[in-house]
Amino acid sequence: MTALFSTTPSAYSSTIRRTFLFILVGALGIALLGWGPIATPAQAQEEGQDGEMPQPQRYENVTWNGVSLIDYKPGKKDRAMEIVSNYFIPAYKEVGIPVASAIELQTGPWDILLIGHMEDGPSMLTWETSPQEVRVQAAMLEIVDDQEEMQAIVDEYQSLIDRSTAHFGFSGRYGPPVNPDGTQ
């Protein structure tokens, strides 16, 4: 996921992937603690009475979404949005990847909240460099015409960010899903 999209230019994408993986591993560890082989007396009694073990279940009718919160350095938000508008959004649109919905926050410590669709759900975190990322970088290269200039733009954008955090989850289980086009 990019700062503004489902995947980002390499430097930010790598940071987001590490954040996602940290969240995933932490959540998985907590879940495993609760799902370990040791049954509580209530579980043992329930399983013993009806003889049925829990069956695997998938979440149905949900869409996976990535959420990023970005806090730009003081006075740098306008330049960051200029870069996003002139380079990132056109590159994403060029290759047909839905652009994340951006909410300009008016309260709290964050400047922008982004909600983007994770086309492949959590499995998109298994890529070091995703096919989407490769397509976006190629489209951006067509916009700027030079690999060094493209990297300079990405680096400048990164330098404007004071801090950010990213999370992922799904929507649609308790209410309408957030769709790739931002609709519900």
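We did not get these values from a lab; they are worked out from the coordinates using the rules stated. Note that this is a predicted model, so its numbers are computed, not measured. Reconstructed Cβ throughout: ideal geometry from the backbone, glycine too, with neighbour counts over all protein chains shown.
Restricting attention to region 84-184, which chymotrypsin sites (Phe, Trp or Tyr not before Pro) occupy a DSSP loop and are surrounded by at most 16 other Cβ atoms within 10 Å?
When the chymotrypsin sites (Phe, Trp or Tyr not before Pro) of region 84-184 are filtered for loop state and at most 16 Cβ neighbours within 10 Å, Trp127, Tyr174 remain.
Which FRET efficiency, nearest 0.05, do Tyr59 and Asp120 yield, Cβ-Cβ r, R0 22 Å?
FRET efficiency, Tyr59 to Asp120: 0.90.
Please go through region 82-184 and write out the GluC sites (Glu not before Pro) that DSSP classes as loop and that have at most 14 other C-beta atoms within 10 Å.
Within region 82-184, the qualifying GluC sites (Glu not before Pro) (loop, at most 14 other Cβ atoms within 10 Å) are Glu128.
Below 11 angstrom from the Cβ of Leu160, what's the summed charge of the other residues (Lys, Arg +1; Asp, Glu -1)?
In short, -3.
Could you compute the FRET efficiency for Glu148 and Lys73, with r as their C-beta to C-beta distance and R0 at 30 Å, rounded to 0.05?
E between Glu148 and Lys73, to the nearest 0.05, is 0.80.
Along the positive direction of the dipole of region 67-184 (beta-carbon charges: Lys, Arg +1; Asp, Glu -1; about the Cα centre), which of Leu160, Pro131, Gly108 reaches farthest?
Gly108
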